[in-house]
Amino acid sequence: MAEILLDYLGLDLLVWFFLTVVLTRLYLILGHRTAPWLLWDGLAFGGVAWLFAYLYLGMLTAYYLAPVDLIAVLYVGRFVLLSWTHAQSWSKVAALILAFAVAFQDVSLSAFAVFERKNVIHARVEIAEVVEARYRDGRGHLPTLFFPFATPYAIMEFVVYLNYRGVPITSVGLAKKAIVKDGRCIEYRSIRCHPAGGPAQGDLVVVLSDDQGSLLDALLYRGRGQLLFSYEPRPPISHWLYRFVGSLPLAAGHSDEARPDR
């Protein structure tokens, strides 16, 4: 719980400012110092309940609190606009500084995350097209897929997508270091993962765009077979941008993790 709380503190400044405003507003309402606004306060309390639900469940991802962010912009923005003409100069300066910090965090981290996620999706679609083409050209013969670096969850997602495209793959091979025994890749899916020392003759080696394997490790497999496809990111994200976004004091989270050099 403490780890999730600290991660969200670094990931979303707006949510915590919104929570402070709502709790202050609740204190004034309970003290009969102000009248409640049924629509706006009801919306705000719903956003707070959403935040606490994710904290209680221990679920952390950058986009989980997006509905709360939307409510926060509407709720806090309304208070700022209503009180702007009567606010003192120092209050206006503080509000502008906070608004700039929130906008800088949201724009930089959100745009970065969206571009990276779109690249992952584009890559998986184009890799799936190659696998599907081999399946069609083989007149229904299922290719054997070997994943040297992918996690069981990522493999499950990709194979489910292949099934959706009409390629009925139900089992794959992956490196022994990623799985210790033969079984389901993910407990709640029937797709099976088989540990293997390496790909067999005729297997398709699949390196997903978000795998953590290095270029040197990937070249070991490329040198043993024919390169069928290599994905080019659109738009490309330079490695220095990962370090830059990860170093921002208001854009923490997982964007500073090292990416593979390939």
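Against the conditions (1) surrounded by 15 or more Cβ atoms within 10 Å (Cβ to Cβ); (2) in contact with a Pro (Cβ under 7 Å, 6 or more places away or on another chain), ASP182 satisfies every one except (1).
Using the structure shown, decide if TYR64 is within 28 Å of SER209 (Cβ to Cβ), assigned by TED's automatic domain parsing to the domain that holds LEU13 and not in a helix (DSSP H, G or I). Considered against the rule, which asks whether it is within 28 Å of SER209 (Cβ to Cβ), assigned by TED's automatic domain parsing to the domain that holds LEU13 and not in a helix (DSSP H, G or I), TYR64 comes out as yes.
When VAL131 is tested against (1) within 30 Å of ILE169 (Cα to Cα); (2) outside the structural domain of LEU204 (by TED's automatic domain parsing), just one condition goes unmet, and that condition is (2).
Considered as a group, the residues in the range 119-148 that are within 19 Å of the chain's Cα centre (by Cα) and either of a type outside the set (Lys, Arg) or over 28 Å from LYS181 (Cα atoms) (or both) include one that is modelled with the highest pLDDT, and that residue is VAL125.
For (1) exposed (fewer than 14 other Cβ atoms within 10 Å of the Cβ); (2) more than 24 Å from SER190 (Cβ to Cβ), each residue gets a yes or a no:
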residue: HIS122; (1), (2): no, yes
residue: ALA128; (1), (2): no, no
residue: ALA154; (1), (2): no, no
residue: ASN163; (1), (2): yes, no
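Reported count of residues in the range 180-205, each being out of contact with any helix residue (DSSP H, G or I) (no Cβ under 6 Å at 6 or more places or on another chain) and assigned to a loop (DSSP other than H, G, I, E, B), is 13.
It is to be established whether one or more residues within the range 66-83 are touching a Ser or Thr at 6+ places or on another chain (Cβ under 9 Å), surrounded by fewer than 17 Cβ atoms within 10 Å (Cβ to Cβ) and more than 21 Å from TRP50 (Cα to Cα). Yes, some residue in the range 66-83 is touching a Ser or Thr at 6+ places or on another chain (Cβ under 9 Å), surrounded by fewer than 17 Cβ atoms within 10 Å (Cβ to Cβ) and more than 21 Å from TRP50 (Cα to Cα). Only residues that are exposed (fewer than 12 other Cβ atoms within 10 Å of the Cβ), at pLDDT below 80 and assigned to a loop (DSSP other than H, G, I, E, B) were counted across the range 206-262, and they come to 8. Looking across the range 189-205, the residues that are over 16 Å from ILE169 (Cα atoms) and either surrounded by 10 or more Cβ atoms within 10 Å (Cβ to Cβ) or not polar (S, T, N, Q) (or both) come down to PRO195, ALA196, GLY197, GLY198, PRO199, ALA200. Taking each residue of the range 7-33 that is at pLDDT below 90 and looking for partners that are among the polar types (S, T, N, Q) and part of a helix (DSSP H, G or I) with beta-carbon atoms closer than 8 Å, six or more apart or interchain, yields ASP12/GLN105; LEU13/GLN105; LEU14/GLN105.
The set of residues from the range 158-168 being assigned to a loop (DSSP other than H, G, I, E, B) and under 26 Å from the mean Cα position of the chain (by Cα) comprises just one member, ARG165.
Given ASP217, ASP203, ASP137, ASP211, which one is free of Cβ contacts under 8 Å to residues at least 60 places away in the same chain and charged (D, E, K, R)?
Numbers: ASP217 fails: free of Cβ contacts under 8 Å to residues at least 60 places away in the same chain; ASP203 fails: free of Cβ contacts under 8 Å to residues at least 60 places away in the same chain; ASP211 fails: free of Cβ contacts under 8 Å to residues at least 60 places away in the same chain.
None of the other options fit; the residue is ASP137.
Taking ALA113 as the residue in question, decide whether it is under 26 Å from the mean Cα position of the chain (by Cα), surrounded by 13 or more Cβ atoms within 10 Å (Cβ to Cβ) and part of a helix (DSSP H, G or I). Yes; evaluated as a whole, the condition is true for this residue.
The values are calculated or read from the model by the stated rules, or taken from the named source; none is laboratory data. These numbers come from a predicted model, not from an experiment. Heads up, the Cβs are rebuilt from the backbone with ideal geometry, glycines too, and the neighbour counts pull from every protein chain shown.
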